[in-house]
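None of the figures in this text is laboratory data; all of them are computed from the coordinates on show. This is a predicted model, so every value here is computed, not measured. Virtual Cβ from ideal backbone geometry, glycine too; neighbours counted across all protein chains shown.
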Amino acid sequence: MSDDVQRAPAKGKRGRRASTGPKAYDAVVLGGGHNGLVAAAYLARAGMSVLLLEARDELGGMALTAEIDGVRAPMLAHTVGRFRPRIARDLGLAGSVRLIEPETRVFAPHPTDGTAITLWRDADKTAAGLSRRPNGAKTAAGYLKLDGRLRRIGAYFEQVLDGVPPSLDGGKSVAELLAGFAYRSPFTKLAEGDGREILRMLPMSAADLVGEYLDDEHLLALLSWRGAIYNAVGPMTPGTGATLLFDGITGDGADGGAAGQTVVAIGGPGAIAQALADAARGFGAEIRTNAKVVAITERDGRVTGVALASGEEIVAPYVLSTLDPKTTLLGLLGVEATGPELRRRLRATRSTGVTAKLNLLLDRLPDFPAAGSGPSAQALLRGRIAILGSVLGIERAFDASKYGEMSETPVVEALIPTLIDPSLAPDKRHILSAVVQYAPSDLKGGWTEAARRQLADRAVAVLESVAPGIGNRIAARQLITPADLERDWGASGGHAMHVNEGFDQFAQWRPLYGIGRYEGPLDGLYLSGAGTHPGGGVTGAPGANAAERLIKHLRRADD
Amino acid sequence: MAERYDAIVIGGGHNGLTTAAYLAKAGLKTVVLERRSILGGATLTEEAVPGFKFSVASYLVSLLRPQVIRELDLAKHGLQMAPSVGTYTPHWDGYLDRRTDHADNLREIRKWSHRDADNYDDFKQTVTDITRFIRPAIDLPAPDPYGDPMEWLAYAGLAKEFGRLPLRTKGALLDLITGSAYDFLRRWFESDPLIGTMSASGIIGTFLGIKSPGTGMVFLHHYFGEIDGSFREWALPQGGTGAVAAAIAGAARAAGAEIRTDAPVKQVLLDGDRAVGVVLESGEEIKGATVVSAADARHTFLDMLPANSLPGEFETAIRNFKFRGSSAKVNFALDGLPTFSAAPPGVGHLMGTVSISPSPDYMERAYDDAKHGHPSRRPFLDMLIPTLVDPTMAPPGKHVATAFVQYAPHKLAPEHGGWDNIKEQFGDLVVDTISEFAPDFRDKIVGRQVMTPLDLERTIGLTEGNIFQGEILVQQMAFNRPVSGWSRYRTPIRDYWLASSSAHPGGGIMAAPGRLAALEILKSKGAAR
């Protein structure tokens, strides 16, 4: 890290103001999720007086550890594989966050035919397993080739996670424009073949992309599912290739490849939020919970602070919002501040959530016949457990959600964190944490008790297809629908990634071109959170990047 | 022994004929070899029902490059085009009828939504600004990201202009290139028939739904055709689209090109790594210094070249080039005009396009069926009655109607037993679909021709029945069409060129690939000299 970043701000100009009238800060950070905490920590570390406001009564946003009858469970996000090591280093989290990466990345029991695919950390081991499938030699070779391609491209994407997406405006030629789009420096390091493939693959569908390497129906579904998980798209939707490529980030502690990552935090994702909050406070940031912001105040196109639901006003020349872009720009600002054009484009931004979370407390570990039994079975079950059969099966599940219906047979991707981190459960009980898709936030008829029960039952039925008897082991179940995400977490549309991911809402046009580089439409307003580059997942990158953009702006202003 | 040509053009569709015309005009001894006994490829007029002439495949012209019309003097060679104006969208609760008069159109739109009418001008202006900015690109070869910097020089002005565009235009352009037609339209509009109908421009010929990202690009492709000053103009060639091919063929012949029909090429002859001629199915060998293929990329590289003559990576890339035809054509001979249940008085609403696209959900569900391997149970239709503009297409008092139908996926689910098995059933479905809005339609039919994607493939030679000789997908456009590194009409085989819609800027009756390929060939000859 550079000395510049740590330099204290110029005296007087941004120092804490006299405490008459409303309380004043250099910057207010909206949202106490992991991105807000990261941003607050970076700003405070740079010497600014920072206030972080969280509407809920606890910090963490969607990175939470909940307790179900004495057993700790990942309430929403359950894996944290892409958390940026450089942020952990910058903020000194080394001692306080411990991550575990099981050797099994994914265990995928087929929902009907009794077979299973296992993806391992070691691609050769995966290929050895694949080669025993029908037409396996070809599949294994295709898998290794794809894995190699995704790792090489992933190494490129690893380098573009940090920093501000380049502007498209400065180029004097289309070559420069393209190079700007593609982040010239890491791009030129790529072999030409990989560079060409990135430019071709970004707009592709994940199913088309993977399908060029292999045609094993189950494996094709499993790998291309990574382009669709958490988003209102199917694996055949164009642009999911970008999500898949991005998810393959490799380098600086990350290791995506074709299998994708499976990493959990000891103590659950809440442990990361806790460590980040401690770090932010350690750098001097002030953090308030139960502090719902109802407006960003502005005068003459420049941010002046925020107003709270309590009526309190807080003065600050800079506001960095990690809330979703629609809440920030449509909810907290008036039309005179944002203008009709931006509002119109934002309203059409895709943010309908389709992902529900089902946490099951199990009185003992269920049997997955396809995994066998004993310790080797337990090793398999330490990975993500993906239950899907074919690309068209996933598409059918997706189709329902386009018309406000939940999938008859949802796709379920589960994790049993208590197998990886036994400290979560004080006894032999287990948590099965399941992503259930597709369950649209705008469900026809609304998310009534009956609808909630129906979705949970359908998800359990899917689990039963690969773990017969699991239904009888459920001691408690907790369901969080997109409607809950919208109401209780404030995410417009109930989208876990704030706005849909994919090539259409990507890089400098995430959430929209013109506000995709962390600077909002008003002076002093910074946008961050999952709705900005590089998107959702527990990476911390949007928080750090936006904070660094603000710090850089201040440094320039000082010159 | 046959004589030796300077250039052999494989394929007598509008692109092949265009290439031949330009090469012949430049003094090259040129021959066109067409597999069928009729010229035109997919720009084809045929009397499929006695007395009734149909534009069998392609049916409207909007993209035909003005340079081609001018430089080949197509008017002199008999090309006459009449504007095809307006779009009529029947709906269960009424209709939407847009024609030329702006105030009338706003009134029509206001019937459905005040907001839509209020936003219509802003939408038009945005799309006009975008197409005005991007249109020069379709008359330039695509620059390669790793190519000679000189290739980029032609684009320097475009890049500078991009920087100067207002944010709203830039934003909208990116929205179109990366997003879906539906999401784009939703920024302005809310009413079902307006979004349904306009979104159709995003799916024509493509195996995607209106809500699929990427359809914005297809939408943009269809709006290229706008002629300065007017908004998204379409035209009907007198005598059907075959008349376009006939005019270009006339220009080619006048320039000295020889055109042979019933001359299917079996294989391109190679001498080492260069093309030196072709051998016909008949066994006849024809020698030429340059061989140009106006067939699609799969025929060009996988069917007409000897095995193992291409670099492995290139061949893989061609195999990965997506075709996936998604549309059919059903042509009707009618003994009178159909009466739509909800329509304005007169026949004005039938003069342009009749679009069965009543709502976005209707359109998207049509795609859902196709995705799973079924013809749409309720398909999108784009129907024209050309006889209202060009009465020569049918006997006096009679009419022809041509319906472009989507989705008709080339690859059907096994239970259908293949296209030949369900062809007539599919034709009936189209009749039912039209009759839902015009109950007397079925009684007016005196003949019909169903062109399934399989028919388009077998008859015209369009791989997988794709009307654009390769899907219009973002990843298959510009420098990626058909293969990254090979977008400038050259191929890995020396003296073998690609001039079809599989090359930049893609399909539609544009003649742009044919013209640009010819110019590149001539440039290379000039350089060699």
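Note on B:137-143: average number of Cβ atoms from other chains within 10 Å of each residue's Cβ is 1. Classification of region B:216-344 by its C-alpha gyration tensor yields a prolate form. The axis ratio a/c (a ≥ b ≥ c) is 1.5 or more, and a/b outweighs b/c. Considering only A:512, B:279, A:306, the residue lying farthest towards the positive end of the dipole of the protein assembly as shown is A:306, judged by Cα position with unit charges set on Cβ.
Note on region B:330-449: Rg/Rh from Cα positions, Kirkwood definition for Rh, rounded to two decimals, is 0.99. Can you compute log10 of I(q)/I(0) for region B:137-247 with the Debye formula, treating each Cα as one identical point scatterer, at q = 0.12, 0.13, 0.15 Å⁻¹? At q = 0.12, 0.13, 0.15 Å⁻¹ the computed log10 ratios are -0.59, -0.68, -0.87. Highest average first, the peptides B:441-454, B:472-485 ordered by how many other beta carbon atoms sit within 10 Å of their residues are B:472-485, B:441-454. The three principal axes of the C-alpha atoms in region B:132-181 carry coordinate ranges of 32, 23, 19 Å, sorted with the longest axis first. For residue A:138, a cut-off of 29 angstrom between C-alpha atoms picks up these lysines, skipping any fewer than 8 places away in its own chain: A:125, B:322, B:371, B:411.
Given chain A, what percent of its DSSP beta bridges are antiparallel, to the nearest 5? The partial results should precede the final answer.
Values: 46 of 66 bridges.
Of those bridges, close to 70 percent are antiparallel.
Taking each residue as 0.36 nm, the span from residue A:552 to residue A:487 lengthens on full extension beyond its C-alpha to C-alpha distance by 19.9 nm. Sorted on the mean count of surrounding Cβ atoms within 10 Å across their residues, most packed first, peptides A:65-73, A:34-42 read A:34-42, A:65-73.
Add -39500 (n - 2.57) for each DSSP H run of 4 or more in chain A, then divide by its residues: what number comes out at 222 nm, to the nearest 500 deg cm²/dmol? Show your work: numbers first, answer last.
Values: 20 runs with 192 residues, N = 559.
That calculation yields -10000 deg cm²/dmol at 222 nm.
Note the per residue figure in Å³ for the convex hull of the C-alpha positions in region B:411-469.
Numbers: hull volume 6.4 nm³, N = 59.
Normalising the Cα hull of region B:411-469 by residue number yields 108 Å³.
Roughly speaking, what % of Cα-Cα pairs in chain A are separated by over 36 Å, rounded to a whole number?
On the way: 48452 of 155961 pairs.
Of the Cα pairs, 31 percent sit more than 36 Å apart.
Close amide-amide hydrogen proximity is noted between residue B:82 and B:236, B:238, each under 5 Å apart and 5 or more residues distant or on a separate chain (H modeled in the peptide plane; Pro and chain starts excluded).
A Förster distance of 60 Å, applied to the separation of the beta-carbon atoms of residue A:344 and residue B:38, puts the FRET efficiency at 0.75. A straight line joining the Cα centroids of region A:251-272 and region A:216-245 runs 19 Å. Ellipsoid fit via the Cα gyration tensor, region A:181-235: semi-axes of 25, 14, 8 Å, each the root of five times an eigenvalue, largest first.
Among the lysines, which have Cα under 19 Å from the Cα of residue A:292 when same-chain residues fewer than 8 positions away are ignored? Excluding near neighbours in sequence, the set is A:23, A:326.
Seen against the Cα atoms of chain B and their longest principal axis, helix B:242-254 is set at about 30 degrees.
Between the alpha-carbon centres of region B:84-101 and region A:281-313 there is a gap of 51 Å. Bridgeable lysines around residue B:523 (alpha carbons under 23 Å apart, same-chain partners fewer than 8 residues away excluded): B:25, B:29, B:287.
Rank by packing, highest mean first: peptides B:236-248, B:392-404, with packing defined as the count of other Cβ atoms within 10 Å averaged across residues. Working shown, then result.
On the way: B:236-248: 25.9, B:392-404: 19.8.
Averaged packing, sorted descending, gives the order B:236-248, B:392-404.
For chain A, find the longest principal axis of its Cα atoms and tell me its angle to the long axis of helix A:449-466, 0 to 90°, nearest 10. Helix A:449-466 sits roughly 50 degrees off the main axis of chain A. Selection among A:66, A:161, A:348 by position relative to the dipole of the protein assembly as shown gives A:161 as farthest towards the positive end (Cβ unit charges, Cα centre).
If you take the C-alpha gyration tensor of the protein assembly as shown, multiply each eigenvalue by 5 and take the square root, what semi-axes do you get, largest first, in whole Å?
Details: eigenvalues 536, 202, 185 Å².
Sorted largest first and rounded, they come to 52, 32, 30 Å.
Dipole magnitude for chain B: about 1040 debye, using +1 per Lys or Arg Cβ and -1 per Asp or Glu Cβ, origin at the Cα centre.
P(r) for region B:454-496, from all Cα pairs and a bin width of 10 Å, is 29, 35, 35, 2 %, short bins first.
Cα centroid separation, region B:404-429 to region B:269-326: 30 Å. The mean count of C-beta atoms from other chains within 10 Å of the C-beta of residues in B:145-154, rounded to a whole number, is 3. Taking only the alpha carbons of region B:10-53, we obtain Rg and Dmax values of 13.0, 41 Å in that order.
Mean partner shielding of peptide A:349-361, defined as the number of other chain Cβ atoms within 10 Å of each residue Cβ, is 1.
Each Lys or Arg adds one and each Asp or Glu subtracts one; over the other residues with Cβ under 14 Å from the Cβ of residue A:379, this totals +2. Computed from the alpha carbon positions, the gyration tensor of chain B leads to an equivalent ellipsoid with semi-axes of 37, 27, 22 Å, biggest first.
Calculate, for residue B:111 and residue B:347, the FRET efficiency according to 1/(1 + (r/R0)^6) with r their C-beta to C-beta distance and R0 25 Å; round to the nearest 0.05. Write out the running numbers ahead of the final one.
Values: r = 20 Å, r/R0 = 0.81.
Working from the Cβ atoms, E equals 0.75.
Could you tell me what percent of the DSSP beta bridges with both partners in the protein assembly as shown are antiparallel, to the nearest 5?
Values: 92 of 132 bridges.
The answer is about 70 percent antiparallel.
The slack in the chain from residue B:135 to residue B:335, taken as 0.36 nm per residue of separation less the alpha-carbon distance, amounts to 67.9 nm.
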